[in-house]
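S.K.: Take this structure first; my questions come after.
The values are calculated or read from the model by the stated rules, or taken from the named source; none is laboratory data. Computed from a prediction, not measured in an experiment: that's the story for all the values here. Every residue, glycine as well, gets a Cβ built from its backbone with ideal geometry; the counts of neighbours run over all protein chains shown.
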Amino acid sequence: MTDFILHHYPNSPFSEKVRVTFGIKQLAWKSVEIPNIMPKPDLMPLTGGYRKTPVLQIGADIYCDTQLMMLEIEKHAPEKPLLPVGQEGEARAIAMWIDRNIFWAAVGVVMGAIGDKLPEAFAKDRSEFSGRSFDAARLKAAAPAAREQTYAHLLFAEEMLRDGRPFLLGAVPSLADCALYNPVWFLQVRMGQGDSPSPLDRLPGIVEWSKKMKAFGSGKPTPMTGPEALDVARAATPAATKVDDKDPSGLKAGQKISVTPDDTGKVPVTGALVGLTGDRVSIKRSDERVGEVVVHFPRAGFILAAA
Ligand SMILES: N[C@@H](CCC(=O)N[C@@H](CS)C(=O)NCC(=O)O)C(=O)O
């Protein structure tokens with residue numbers, strides 16, 4: 001049985017996307033709680049600089065970005081499939097639309113409501129993370145526009161549910177539902193305490209759907225410490241990967257490359273290219289605390305360059 005180790009923190013909405021996946025599939029997993037701001041001293045030896053949350057570890061294989069984590073969980077735990085046969089692309093495309101559009105609009109709504117109550121260290125960290133000053137007054141002023149954008153995008157999902165189907169792509173939950181649960185859960189846990197309206201106030205179909213998602217729970221987590229997770233990596237050997245030597249990037253097996261997110265947390269991770277396909281890139285790197293690990297990223301949303 002594969003040991004899934006999720007590096008995450010309770011308030012992280014992208015982590016909730018993965019936790020609900022564990023819930024749907026009723027999986028056991030190890031839970032490593034990481035800080036919600038830098039520094040993350042027990043995570044960096046694994047990722048080589050990638051700082052976003054969550055990160056999925058399976059032995060000495062480290063998966064960055066939930067796009068890829070979901071596929072990997074699906075591969076190791078195929079029961080209760082989340083990629084509906086014949087609609088795999090649709091599920092992934094809907095998830096990407098949600099991750100890239102609805103999530104950030106929902107963050108604008110939440111930060112507009114609570115941004116002035118967050119610690120200075122959080123504001124400083126998120127300014128560095130996003131490349132834009134985390135200014136509570138600006139966020140408050142922009143909140144009505146963020147609310148309208150969140151509503152306008154969520155309305156597409158509301159429309160999908162309008163014919164009475166239980167989940168976005170039909171009778172059973174898919175990757176698209178897990179992705180939508182990320183911003184909806186974030187709005188539900190962070191809004192509603194004050195008097196700022198939530199876009200969900202006008203979206204009854206999504207609110208009903210979210211109750212079904214919540215009922216899935218989070219599977220069976222067991223706590224693990226950061227140093228214990230590093231020991232797991234050190235004792236394991238990374239899985240085999242292949243480089244497509246006809247990849248149009250021209251990158252070749254063994255070459256030193258960097259991989260950098262194209263949106264936020266733009267910290268390059270460097271290593272030797274050991275895996276390259278149309279939708280993922282894998283680099284081998286080593287660190288004195290973990291030995292050799294392979295870090296995997298999706299191609300969509302990541303920039304590859306010769307280092
Ligand atoms: N595209 C990434 C987005 C992850 C993301 O932006 N996560 C937020 C937390 S939910 C984050 O990393 N915030 C900064 C941090 O945790 O240090 C994914 O799908 O995993």
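S.K.: Could you run through the range 122-157 and say how many residues are hydroxyl-bearing (Ser, Thr, Tyr) and exposed (fewer than 14 other Cβ atoms within 10 Å of the Cβ)?
M.R.: 2
S.K.: Checking the condition in a loop (DSSP other than H, G, I, E, B), out of contact with any strand residue (DSSP E or B) (no Cβ under 7 Å at 6 or more places or on another chain) and free of Cβ contacts under 8 Å to residues at least 24 places away in the same chain, which residue from ASP201, ASP231, ASP245 passes? Let's see the steps before the verdict.
M.R.: Working: ASP201 fails: in a loop (DSSP other than H, G, I, E, B); ASP231 fails: in a loop (DSSP other than H, G, I, E, B).
Just a single option satisfies the conditions, and that option is ASP245.
S.K.: Could you check LYS124 against (1) part of a helix (DSSP H, G or I); (2) basic (Lys, Arg); (3) touching a helix residue (DSSP H, G or I) at 6+ places or on another chain (Cβ under 8 Å) and say which number it fails?
M.R.: So the condition that LYS124 fails would be (3).
S.K.: Return the residues of the range 248-279 that are surrounded by fewer than 13 Cβ atoms within 10 Å (Cβ to Cβ), small (Gly, Ala, Ser) and either under 14 Å from VAL295 (Cα atoms) or in contact (Cβ under 8 Å) with a residue 12 or more places away in the chain (or both); say none if nothing qualifies.
M.R.: Residues satisfying the conditions are GLY254, GLY278.
S.K.: With the structure loaded, tell me whether SER286 is surrounded by fewer than 17 Cβ atoms within 10 Å (Cβ to Cβ), assigned to a strand (DSSP E or B), free of Cβ contacts under 8 Å to residues at least 60 places away in the same chain and not hydrophobic (A, V, I, L, M, F, W, C) or whether it fails that test.
M.R.: Judged against the criteria, SER286 is a match.
S.K.: For GLY265, which of the numbered conditions (1) away from the ligand (no atom under 16 Å from the Cβ); (2) modelled with pLDDT of 95 or more; (3) closer than 20 Å to ALA307 by Cα fails to hold?
M.R.: (1) is the only condition that GLY265 fails.
S.K.: Give THR66, THR53 a once-over and let me know the one that is within 7 Å of the ligand (Cβ to nearest atom), at pLDDT 95 or above and touching a His at 6+ places or on another chain (Cβ under 7 Å).
M.R.: THR53
S.K.: Determine whether the range 28-37 contains at least one residue that is without any contact (Cβ under 8 Å) to a residue 12 or more places away in the chain and within 14 Å of the ligand (Cβ to nearest atom).
M.R.: No: the range 28-37 contains no residue that is without any contact (Cβ under 8 Å) to a residue 12 or more places away in the chain and within 14 Å of the ligand (Cβ to nearest atom).
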